[in-house]
Amino acid sequence: MIAYSAPGRVNLIGEHTDYNDGFALPIALPQRTSVVFTPADIDTLTVLSDRADESVRIPLDTAPGQISGWGAYVAGVIWALRGNGLPVPGGTMSISSDVPIGSGLSSSAALECAVLGALASASGAQIDRIEQARIGQRAENDYVGAATGLLDQLASLFGEVSTATLIDFRDTAVHPVAFDPDASGVALLLFDSGQRHGHVDGEYAERRASCERAAAELGVASLREVQHLGVEVLDGVSDPVDARRARHVLTENERVLDFVAALAELDFAAAGKLFTASHASMRDDFEITTGHLDLIADSSVAAGALGARMTGGGFGGCVIALVPAELTLKVGDAVRAAVVAAGYGEPEVSRVFAAAGAG
């Protein structure tokens, strides 16, 4: 029997930059998905989740389109592992998780990385973490059908306590960055709006296609190649929507690097301003926030947060805020009151920190 777990993640800053070869800065969360795997000499994997009433039986030779629903993420990992020529044992697997689904905290990558780790451990396969991330991404892109980047899997696999992960997606390079706001009297608050999102509905894929069109019109393979030229280069993009999408990517990359510099100086006031600027860019240029999320971000800043932004792919999910520790209760209460007064459900508010990665 093998037990393996992987965390969800919060992306501190750097949204929709991953598939544009840019920068992002996630942390692993304390919330995790855990699997217990009992291998057997059979050609199927039977999986039971604490969030489902019935088990799913997956043939080891599964192919895209065969398994749907939550089981598709497990089946996708099996398919991607075998596609890499790696052995996959059959058996039984139970899954439990406290990572919220549809909140932008990457419950899917936590599931993929936990399943992958258990299966690889059982077979004795040695797979480096970068390749594990790529296998998880292939499972989600090509089996499940969600056009996500590599950020979520890398965050889950490389997470460390009191550490953020600076990812340069052009080189798939990963660098640890100290992130312990609590030591400076600052809390990282997570507001779960309760507004659920889904990437498979086409909005995520549309944003990605828009960025790719802008890059193609500029004659480059990715927007990263024109990063050094500044937003003025986007005058060469004829479609105004594509130009706005690209502007978000270029300015967001700069915000990631500026945020890392602010952390090095323990300047959480500057870091907070970058949060707020990032949210404005996602709202106005990339158009992936909602009125609900905007209200949470705006009301938290009005109540004393240093800054706030939506985190995750968009169209629902969570907002994060950097808040002076002595104001956490005030900010939380103010956000709840504003959101309920606007007719939305009361958000769940929690204080989170950078936690360990998969293992």
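The values are calculated or read from the model by the stated rules, or taken from the named source; none is laboratory data. This one's a predicted model, so the numbers in the text were calculated from it and none came from an experiment. Using ideal geometry, Cβ is built from the backbone for each residue, glycine included, and neighbour counts are taken over all protein chains shown.
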* Asked: Do the conditions hold for H248, that is, is it more than 17 Å from the chain's Cα centre (by Cα), assigned to a helix (DSSP H, G or I) and buried (at least 23 other Cβ atoms within 10 Å of the Cβ)?
  -> yes
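Conditions tested, residue by residue: (1) buried (at least 24 other Cβ atoms within 10 Å of the Cβ); (2) in contact (Cβ under 8 Å) with a residue 24 or more places away in the chain; (3) of a type in the set (D, E, K, R).
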{"site": "I2", "(1), (2), (3)": "no, yes, no"}
{"site": "A6", "(1), (2), (3)": "yes, yes, no"}
{"site": "A40", "(1), (2), (3)": "no, yes, no"}
{"site": "L45", "(1), (2), (3)": "yes, yes, no"}
{"site": "D53", "(1), (2), (3)": "no, no, yes"}
{"site": "D61", "(1), (2), (3)": "no, no, yes"}
* region 32-72, residues that are among the hydroxyl-bearing types (S, T, Y), touching a helix residue (DSSP H, G or I) at 6+ places or on another chain (Cβ under 6 Å) and within 19 Å of P7 (Cα to Cα) -> T33
* Identify, from the list G117, G85, G102, the residue that is modelled with pLDDT of 95 or more and assigned to a loop (DSSP other than H, G, I, E, B). => G85
* To do: Return the pairs, sorted by first residue and then second, in which the second residue is crowded, with 20+ Cβ neighbours inside 10 Å and of a type in the set (D, E), the first residue lies in region 262-286 and is under 18 Å from H16 (Cβ atoms), the beta carbons are less than 8 Å apart, and the residues are 6+ apart or on different chains.
  => S278/E15; S278/E252; S281/E252; M282/E15; F286/E15
* Search region 54-82 for residues being within 20 Å of the chain's Cα centre (by Cα) and in a loop (DSSP other than H, G, I, E, B), and hand back the single one that is nearest to E131 (Cα to Cα). => W70
* Asked: Which one is surrounded by the most Cβ atoms within 10 Å (Cβ to Cβ) among residues in region 203-226 that are among the small types (G, A, S) and not in a helix (DSSP H, G or I)?
  -> S222
* Asked: Of these, A147, A183, which one is surrounded by fewer than 21 Cβ atoms within 10 Å (Cβ to Cβ), in the same structural domain as L223 (by TED's automatic domain parsing) and not aromatic (F, W, Y)?
  -> A183
